[in-house]
Amino acid sequence: MAQQSIRLSNWADLEQFTEELKRTLGSMPDLVFRSVGASLIVYISGLADQERIEREIVDPLSANQESGPLFIKTPSVQMTDNYQQTVQAILSGMAAVAICGEDQVILANVSASPKRGVSDPQIESSILGPQEAFLEDLDTNIAMIRRITKSEKFRMKVWHFGSIAHTEARLLYFDQVAPDELVAEISKRLDSVHLEDILGSNYIAETIKDRPLSWFPTVQKTERPDVVSNALMKGRVAVIVNNTPIVLLFPFTFWNAFETVEDIYLSYSSATFLRWIRAFFILSALLLPSLYVAITTFHNEMLPTNLLLSIAASREASPFPALVEALIMESIFEAIREAIVRMPRILVQAVSVVGALVIGQAIVQAGIVSIPMIIVVSITGIASLMIPHYETTFAIRILRIILLLMAGGFGFFGIALGLFFTQVYLTGLRSAGMPYLTPVAPFVWKSLKNLIIRQPFERS
């Protein structure tokens, strides 16, 4: 049946259809062929709900064999004469009903694919916001967004990728809210995706985002339906991929990385206060180790005499310069962080205690690293946890190491030079056509006000 068109005029055609399906899908134990009178029902037992098949397909066909498809009680059905579409429907958990004498196959949606229930967000937690996160099921995720927005402007475009693992992706946006240029640009990029196999949204993100090799993310990844809904209502677009709980949002600026979902659920004064605290500690996470190394190595005159003598006394037993101390502690901290992420949750607390107390105390007693450096790296580690966007933490950590090396070699001049080139690079970066540093560069005062102070919601 290589001609893609299904013929079921007689019993011979029905038998040929059966043999073709067996050749295409293989004679697998979970592939079920079931005859009911003049009809053939084909489905995969682990993906289709067999109770629904009995109740909605088999029983009606058995009672009304002459009427055929008119008595199938499945709410969602479609007709097709396309063989490849039939195969994909079966692989998606639908039941294909072929009736002798009919020109088309009935595809009944009786899917019962195993999926977990809606759970709390694991990455973007919130105290006051909704406690639900996306699943690996595409339709469920879209339903969660629809339940929040309830807008007639909601629109979708559909793409299918891959020749082995057929993956569906959808572009979500609000008509007359999202700029037409943005929708057209992301649609064009999705059209250019030619990956054979896509197992998650990151496959698509790396293919369609600006500067795929950049440390700084130009696409937002989120697990929260309320974040996606809020972004859509502000004119952004979302790309949602089947089999993954992570949704992509475009465009994504540098400042979006430091916004939290909690900002819209707190009062504007509380949200603004936390935003300033967050900004201070994020700067600390980026600059504190390099500033310490630069001051203790090149600019001792900037410290009060008592503090300088205290630091010098603490570093007297250490055989390494401040730069090497910082690199040692950064390496240990990164190793502990990676171990905590990869290990079973039941062991996380034990490893945290070992890493924070035992190793730290042993390093100080051995005279490898001074106590002030332990304090600096500890504050830096805590501050880096305040970065809301997970992927941006990697960019900050990489940039922190670069600034640390430049501070160890050139002092404040090295830090200033590193920040200058970083600013030049970020100024030229774009996300879906939008400058990455908007609204700072280019300068947009109206948007900048909301960046500095979370503006109170206006009364209509």
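Of Ser35, Ala48, Ala96, which is farthest along the charge dipole of the range 11-108 in the positive direction, counting Lys and Arg as +1 and Asp and Glu as -1 at C-beta?
Ala48
Enumerate the calculated ³J(HN,Hα) couplings along the range 267-275 in order (Karplus 6.51 cos²θ - 1.76 cosθ + 1.60, θ = phi - 60°), each rounded to whole Hz, writing x wherever the residue is Gly or Pro.
5, 4, 5, 5, 5, 5, 4, 5, 5
At what distance in nm do the modelled label points of Glu338 and Asp59 sit from each other, each positioned 7 Å from its Cα along Cα→Cβ?
For Glu338 paired with Asp59, the spin-label model returns 5.8 nm.
For the Cα atoms of the chain, what angle does the longest principal axis make with the long axis of helix 322-342, in degrees from 0 to 90, nearest 10?
20 degrees
Using Cβ counts within 10 Å as a stand-in for footprinting exposure, how do Thr18, Thr167, Thr149 rank, fewest first?
Lowest count first: Thr18, Thr149, Thr167.
Which order do Ser92, Ser201 fall in if you start with the one that has the fewest other Cβ atoms within 10 Å?
Fewest-to-most Cβ neighbours within 10 Å comes out as Ser92, Ser201.
Put +1 on the Cβ of each Lys and Arg and -1 on the Cβ of each Asp and Glu in the chain; which of Leu107, Pro179, Val87 then has its Cα farthest toward the positive end of the dipole?
Of the candidates, Pro179 comes out farthest on the positive side.
Indicate the gyration tensor shape class of the range 141-289 (rounded, prolate or oblate), computed on the Cα atoms with a ≥ b ≥ c the square roots of the eigenvalues: a/c under 1.5 is rounded; otherwise a/b larger than b/c is prolate and the rest oblate.
It comes out oblate by the Cα gyration axes.
How far is helix 180-191 tilted off the main Cα axis of the chain, in degrees rounded to 10, range 0 to 90?
Value to nearest ten degrees: 70.
What order do you get for 168-174, 153-159, 294-300 when each peptide is scored by the mean count of other beta carbon atoms within 10 Å, highest first?
Put in order of decreasing packing, that is 168-174, 294-300, 153-159.
Take the alpha-carbon positions of the range 136-220, form their convex hull, and give its projected area averaged over all directions (one quarter of the hull surface) in nm².
Across all orientations, the range 136-220 yields a mean hull projection of 6.4 nm².
Going from the alpha-carbon gyration tensor of the range 11-108, what semi-axes, largest first and in whole Å, does one get by taking the root of 5 times each eigenvalue?
Each semi-axis is √(5λ); the values are 18, 16, 12 Å.
Charges at C-beta only: +1 for Lys and Arg, -1 for Asp and Glu. How large is the resulting dipole of the chain about its Cα centre, in Debye rounded to 20?
Here the chain has a charge dipole of around 1520 debye.
Give the Cα extents of the chain along the principal axes, in whole Å, largest first.
Extents along the principal axes, in whole Å: 99, 54, 39.
Rounding to the nearest 10 and keeping the result within 0 to 90°, find how far the Cα-based axis of helix 305-315 lies from the longest principal axis of the chain.
In the chain, helix 305-315 runs at an angle near 60 degrees to the longest axis.
Neighbouring Cβ atoms within 10 Å as the yardstick, rank Trp445, Trp215 fewest first.
Lowest to highest Cβ neighbour count: Trp445, Trp215.
Positive end of the dipole of the chain, charges at C-beta (+1 Lys, Arg; -1 Asp, Glu), about the Cα centre: which of Phe420, His389, Phe154 has its Cα farthest in that direction?
In the chain, that residue is Phe420.
Using a simple charge model, +1 on the beta-carbon of Lys and Arg, -1 on the beta-carbon of Asp and Glu, nothing else, what dipole does the range 11-108 show about its Cα centre, in debye to the nearest 20?
Dipole of the range 11-108, to the nearest 20 debye: 220 debye.
None of the figures in this text is laboratory data; all of them are computed from the coordinates on show. Just so it is clear, the structure is predicted and the values come from calculations on it, not from any experiment. Note that each Cβ is placed from the backbone with ideal geometry, even for glycine, and that neighbours are counted across all protein chains shown.
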